[in-house]
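A short worksheet on the structure shown next.
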Amino acid sequence: NAGVTQTPKFQVLKTGQSMTLQCAQDMNHEYMSWYRQDPGMGLRLIHYSVGAGITDQGEVPNGYNVSRSTTEDFPLRLLSAAPSQTSVYFCASSYSSSEKQYFGPGTRLTVT
Amino acid sequence: GNSVTQMEGPVTLSEEAFLTINCTYTATGYPSLFWYVQYPGEGLQLLLKATKADDKGSNKGFEATYRKETTSFHLEKGSVQVSDSAVYFCALSGPLNTNAGKSTFGDGTTLTVKP
């Protein structure tokens with residue numbers, strides 16, 4: 001199993017550009033989440049999904065969209081990038097809400 | 001809503017010292033509790049977990065006990081090594097049927113162990 005994979009590893013965007021961060025898992029997990037990690041602020045939940053076709057907002061959803069058309073994939077879309085979205089983004093998946101999460105290696109995004 | 005409060009860092013210890021990182025939580029019901037570790041340049045990985053009161057999670061010499069009466073899940077290790085240098089996150093996940101799919105993380109505590 002590859003576990004949770006994320007692409008790209010690094011990305012630089014200009015303000016106003018859009019892009020999609022990819023996340024895939026091959027463990028048949030129903031639960032998937034996107035977090036952003038900023039210095040001194042821990043992990044903050046952006047969006048999450050409890051299964052294909054079901055998504056919901058987390059703590060900091062503004063400026064991001066998600067969709068879950070398959071169990072395996074959970075892409076995160078930045079609609080119009082802003083410098084405040086400079087961060088490290090982690091995707092995670094789990095079998096259930098009480099089980100551990102498996103994290104991807106992260107995407108380091110810089111918006112100039 | 002749910003929240004996790006972690007001991008502020010950074011924490012610097014000498015090799016073989018005793019480690020405690022405090023974690024307290026606020027949650028409805030009976031959440032599952034986790035400690036994750038993040039090594040430089042990597043994603044988080046589970047260190048240990050406990051799913052009910054008085055459970056003790058343990059792994060790689062680290063331990064934490066789920067204390068419902070004090071709403072705490074403190075991380076301890078009797079003798080730290082240089083290789084334990086990392087950022088440690090306390091987290092909780094909502095009980096079944098509520099907050100499904102959402103986890104709440106503390107801010108992380110950076111541990112540096114010096115030889």
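Ranking A:PHE74, A:ALA92, B:TYR30 by Cα position along the charge dipole of the protein assembly as shown, where only Lys, Arg, Asp and Glu carry charges on their C-beta atoms, puts A:PHE74 farthest toward the positive end. Pull out a ≥ b ≥ c, the square roots of the eigenvalues of the alpha-carbon gyration tensor of the stretch B:1-68, then state rounded if a/c is under 1.5, prolate if not and a/b is larger than b/c, and oblate in the remaining case. In terms of gyration-tensor shape, prolate. Dipole size of chain B about its Cα centre, with +1 on Lys/Arg Cβ and -1 on Asp/Glu Cβ: approximately 320 debye, rounded to the nearest 20. Taking a sphere under 12 Å around the Cβ of B:ALA53 and counting the other residues whose Cβ falls inside, with K and R at +1 and D and E at -1, yields a net charge of +1. Lys and Arg at +1, Asp and Glu at -1: add these up for the other residues within a Cβ distance under 13 Å of A:LEU21 and post the number. Computed value for this residue: +3.
3J(HN,Hα) along the stretch A:75-91, derived from phi through the Karplus expression 6.51 cos²θ - 1.76 cosθ + 1.60 where θ = phi - 60°, amounts to x, 10, 10, 9, 7, 8, 4, 10, x, 5, 8, 4, 5, 9, 10, 10, 9 Hz, with x in place of Gly and Pro. Testing the spin-label approximation: label points 7 Å from Cα along Cα→Cβ at A:THR110 and B:GLU69. State their distance in nm. The answer from the label model is 5.3 nm.
Taken over the Cα atoms of the stretch B:28-115, the convex hull encloses 100 Å³ per residue. Applying a DSSP loop filter and a limit of 15 other Cβ atoms within 10 Å to the chymotrypsin sites (Phe, Trp or Tyr not before Pro) in the stretch B:9-88 leaves B:PHE18. In the neighborhood of B:GLY78, defined by Cβ-to-Cβ distances under 11 Å, what is the net charge if each Lys or Arg adds +1 and each Asp or Glu adds -1? Cβ neighbours under 11 Å give a net charge of -2.
Take the Cα radius of gyration of the protein assembly as shown and divide it by 2.2 N^0.38 Å, with N its residue count; two decimals is plenty.
Working: Rg = 17.4 Å, N = 227, 2.2 N^0.38 = 17.3 Å.
So the Cα radius of gyration is 1.01 times the expected 2.2 N^0.38 Å.
Can you tell me, using C-alpha contacts under 8 Å and at least 6 residues apart, the relative contact order of chain B as a whole percent? Averaging sequence separation for qualifying contacts and normalising by length gives 36 percent for chain B. Per-residue shielding of A:93-105, expressed as the average number of other chain Cβ atoms within 10 Å of the residue Cβ, stands at 6. The H on the amide N of B:GLU15, modeled in the peptide plane, is under 5 Å from the matching H of B:LYS114, each at least 5 residues off or on a different chain.
Counting only Cα atoms, the size of the stretch A:58-106 along its three principal axes is 34, 22, 20 Å, in decreasing order. Using the Cβ-Cβ distance between B:VAL82 and A:GLU72 with R0 set to 25 Å, the FRET efficiency from 1/(1 + (r/R0)^6) comes to roughly 0.05. Relative to its residue count, chain A spans a Cα convex hull of 91 Å³ per residue. Using every pair of distinct Cα positions in the stretch A:12-58, the Kirkwood expression returns a hydrodynamic radius of 12.8 angstrom. Loop-located GluC sites (Glu not before Pro) across the stretch B:53-94 with a Cβ neighbour count of 10 or fewer within 10 Å are B:GLU69, with loop assigned by DSSP.
Cross-chain or 8 or more residues apart, Cα under 20 Å: how many lysine pairs in chain B fit that? Count them up, please. For chain B, the number of qualifying lysine pairs is 11.
We did not get these values from a lab; they are worked out from the coordinates using the rules stated. Since the model is a prediction, treat every value here as computed from it, not as a measurement. Cβ sites come from the backbone with ideal geometry, for glycine too, and all protein chains shown count toward neighbours.
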